[in-house]
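The block underneath contains the structure these notes are about, expressed in structure tokens.
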Amino acid sequence: MSSRRLKIVLSYDGTNFFGWQIQNEGRTVQGVLEEALSKMHKKAIRVTAAGRTDSGVHARAQVCHFDTELEIPENRFKNAINTFLPGDISIISSVYVDEKFHARFSAKRRVYKYYFTDITGYTVFNRFFCTQIRDIPDINIMNACAEKLKGIHDFTTFTSAGDKNESKIREIFSASFYKEGDLTVFQIEGNAFLWKMVRSIVGSILKYASLESGAAGFDEALISKDRQMAGTTAPSKGLFFHKIYY
């Protein structure tokens, strides 16, 4: 029986997951999804994702692909998978694609959003999905820092020491802060991101926007390629893998 490649878009609440990637111990999104698909197919199924998210990070539109021999109409496949999934993962859409499609390598741009608020906007309903900041810096200064990110740069300063990528060069197409009700949102779009890069950027902008050096200090940190100049990495719960463009 011939197989076809299926592209799925899924959202998940990362609160109770140890990230996307399967690990020896701990509940992961990939592990739960592959277990559900393997039950459907009555054999082991492996999925490939557009990007990996860390422990506690959420996704609004993660993209995956896998090959299937099941004869299920594409618009009904998502509902079939959802019957096997827990409440903190949901398939949004499912569509058959060309066998050359690759969830990771075919992606052109990725968008992340980070949500935070002060005590006035922090509630029992958003406590797992945004970070409480005691003193939020001036949004104009934060946006001046964000402007420094645009273009092609070496982002060594803003990645974890454990990042395995040989090249730390990435291209950022847009980066800005804006208000959404009581929440402050940081949105960044780039061709790809390094391990913990977005959370490190958020923590570093919060640091430098609170200092007299402001955007100039942040730019100096970026250029330095020195991780010691970065701010404290922002908590994972405020970060969402928002969208992927192909």
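Please indicate, with yes or no, whether at least one residue in the stretch 115-122 is of a type in the set (D, E, K, R) and under 19 Å from MET197 (Cα atoms). Looking for residues that are of a type in the set (D, E, K, R) and under 19 Å from MET197 (Cα atoms), one finds none in the stretch 115-122, hence no. On inspection, ILE244 does not qualify as β-branched (Val, Ile, Thr), assigned to a helix (DSSP H, G or I) and surrounded by 15 or more Cβ atoms within 10 Å (Cβ to Cβ).
Of the residues making up the stretch 23-45, those that are crowded, with 18+ Cβ neighbours inside 10 Å and modelled with pLDDT under 95 number 0.
Entry remark, the stretch 209-241: residues being over 20 Å from the mean Cα position of the chain (by Cα) and either outside the structural domain of LYS148 (by TED's automatic domain parsing) or closer than 17 Å to ALA144 by Cβ (or both) number 15 in total.
Within the stretch 15-36, being in a loop (DSSP other than H, G, I, E, B) and of a type in the set (D, E, K, R) holds for GLU25, ARG27. Filtering the stretch 142-176 to residues that are of a type outside the set (Phe, Trp, Tyr) and either outside the structural domain of ILE201 (by TED's automatic domain parsing) or part of a strand (DSSP E or B) (or both) leaves GLY151, ILE152, HIS153, ASP154, ILE169, ARG170, GLU171, ILE172, SER174, ALA175, SER176.
The values are calculated or read from the model by the stated rules, or taken from the named source; none is laboratory data. Keep in mind that this is a model prediction, so the values were computed, not measured. Here Cβ is always computed from backbone atoms with ideal geometry, including for glycine, and neighbour counts include all displayed protein chains.
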